[in-house]
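Trainee: I have a structure I would like to understand better, so I am pasting it below and will then ask my questions one at a time.
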Amino acid sequence: MTIPPLLVPGDEVLVISPSSHPTTDRWIQGIEVLEAWGLRVQRGKNYLAVNEGFAGTDAERLADLQSGLDDPNIKAIFPMRGGYGASRLLDALNFSKMKHSPKWLVGFSDITAPLVHLDSLGIAGIHGPMPHNFCIEGGELALESLHRLLFHGATNLEAAASSHNRPGEVSAKAIGGNLSLLVHLLGSSSFENPTGKILCLEEVGERLYHVDRMLVQLKRAGYLQNLAGLLVGGFTDCHEASLTIGKSYQEIIREHTEGTSYPIAFDVPFGHISNNFALPFGTKINLSINSQKVQVTGQI
């Protein structure tokens with residue numbers, strides 16, 4: 001696994017919009033945060049472009065992301081927000097220069113697609129907050145966790161115990177992200193079977209029978225069978241539809257992981273929630289689940 005170097009003050013970073021365009025000006029505060037960290041912020045040529053719901057055309061978004069991958073002076077790439085569109089770019093991207101001058105890609109939601117694609121190429125990334133939501137109320141500790149990971153290589157988060165948890169301890173590499181995006185990537189080379197890894201899942205705004213259907217697909221593809229562990233983050237605004245399923249998302253996940261023995265933690269603080277803690281993908285983390293708490297630690 002290729003692990004990009006940790007950031008130091010004075011490093012150049014790039015802000016781009018590979019998915020949807022920002023719908024508020026909260027990203028301005030996000031850039032101010034990066035500058036307050038001592039980073040020199042470059043902006044992609046098309047970072048504020050608009051094309052329907054996208055942040056510019058595919059060609060414009062591709063050009064900005066490719067420029068960041070190619071530039072050896074750029075030490076981290078920060079998509080401003082998620083939405084949709086990043087997966088449309090994957091097959092046209094060239095990662096050859098990225099392998100020689102690796103840099104951190106930081107994001108979640110739609111950025112799940114390039115994060116897991118990087119993992120398939122053996123390059124580590126970070127699932128965490130993006131500039132558009134750096135400064136949302138309740139996200140202060142999550143933002144601190146991102147700084148700690150980027151500058152010091154440290155991961156340390158805790159969650160209260162859930163009655164749905166399956167206790168255990170394991171050390172393994174983590175991968176995953178948004179459930180819809182992961183299922184969207186099934187059958188492609190971007191999302192490899194996470195056997196032996198800690199799979200991280202989060203979701204937002206999906207009906208519970210949709211959640212069930214996606215988990216059935218992951219299970220049928222063999223992606224839930226031989227995990228090292230499972231971290232379940234926020235399943236925000238995931239409710240019943242007129243087609244009811246009669247189970248909570250926790251119960252759905254436990255149903256589809258029956259017959260396995262790896263540790264499972266629910267309500268871990270990451271995903272489409274204010275307290276979206278940063279998690280390293282592609283580097284080893286330690287997961288400990290007992291009757292009192294869940295703890296995730298790691299050091300790059």
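Trainee: Give me the distance between the Cα centres of the stretch 123-138 and the stretch 1-35, rounded to whole Å.
Mentor: So the separation of the two Cα centres works out to 9 Å.
Trainee: Would you mind calculating the gained length between I3 and E35 on full extension (0.36 nm times residue separation, minus the Cα-Cα distance), in nm to one decimal?
Mentor: Gain on stretching I3 to E35: 9.2 nm.
Trainee: Please report the net charge: other residues with Cβ closer than 9 Å to the Cβ of N133, K and R +1, D and E -1.
Mentor: Its environment carries a net charge of +2.
Trainee: How many lysine pairs in the chain, separated by 8 or more positions in sequence or lying on different chains, have Cα atoms less than 16 Å apart?
Mentor: Qualifying lysine pairs in the chain: 7.
Trainee: Take E240 and A59, extend 7 Å from each Cα along the Cα→Cβ direction, and tell me the distance between the two endpoints in nm.
Mentor: Computed distance between label sites E240 and A59 equals 5.1 nm.
Trainee: To the nearest µm²/s, what D does Stokes-Einstein give for the stretch 156-299 at 4 °C and 1.567 mPa s, using the Kirkwood radius over alpha carbon pairs as Rh?
Mentor: Answer from the Stokes-Einstein relation: 86 µm²/s.
Trainee: Right, here's the next one. Ignoring everything except DSSP H segments at least 4 long, calculate the 222 nm mean residue ellipticity for the chain; use -39,500 (n - 2.57) per segment, divide by total residues, nearest 500.
Mentor: My calculation for the chain gives -7500 deg cm²/dmol from helical runs alone.
Trainee: Hey, another quick one. Expressed in whole Å with the largest first, what are the equivalent ellipsoid semi-axes of the chain derived from the C-alpha gyration tensor as the square root of 5 times each eigenvalue? Walk me through the numbers on the way to the answer.
Mentor: On the way: eigenvalues 173, 87, 69 Å².
After scaling each eigenvalue by five and taking roots: 29, 21, 19 Å.
Trainee: First measure r as the distance between the Cβ atoms of A221 and R43, then evaluate 1/(1 + (r/R0)^6) with R0 = 45 Å and state the FRET efficiency to the nearest 0.05.
Mentor: According to the calculation, E is roughly 0.70.
Trainee: Taking +1 at the Cβ of each Lys and Arg and -1 at the Cβ of each Asp and Glu, which of H210, V296, N286 sits farthest along the dipole of the chain towards its positive end, judged by Cα position relative to the Cα centre?
Mentor: Ranked along the dipole, the leading option is N286.
Trainee: If you add up the charges near G122, with Lys and Arg at +1 and Asp and Glu at -1, over every other residue whose beta carbon is less than 12 angstrom from its beta carbon, what do you get?
Mentor: Result for the neighbourhood of G122: 0.
Trainee: Which of the helices in the chain, when you take each full DSSP H run, stretch at least 15 Å along the axis at their Cα atoms and have an average Kyte-Doolittle score of -0.5 or higher?
Mentor: Span-like helices in the chain: 26-36, 140-152, 208-220.
Trainee: Taking every DSSP beta bridge that has both residues in the chain, what percent is antiparallel when rounded to the nearest 5?
Mentor: 45
Trainee: Only Lys, Arg, Asp and Glu count, each charged at its Cβ (+1, +1, -1, -1), so figure out the dipole size of the chain about its Cα centre, rounded to 20 debye. Let's see the in-between values first.
Mentor: On the way: 23 positive and 30 negative charges, 135 e Å.
Using only the charged Cβ atoms, the result is roughly 640 debye.
Trainee: Count the DSSP beta bridges whose two residues both fall in the stretch 12-135, then state the antiparallel fraction as a percent rounded to the nearest 5.
Mentor: Roughly 15 percent of the beta bridges in the stretch 12-135 run antiparallel, per DSSP.
Every number here is computed from the coordinates shown, using simple stated rules; none is lab data. Because the structure is predicted, anything quoted here is derived from the model rather than measured. Cβ atoms come from the backbone with ideal geometry, glycine included; neighbour counts cover every protein chain shown.
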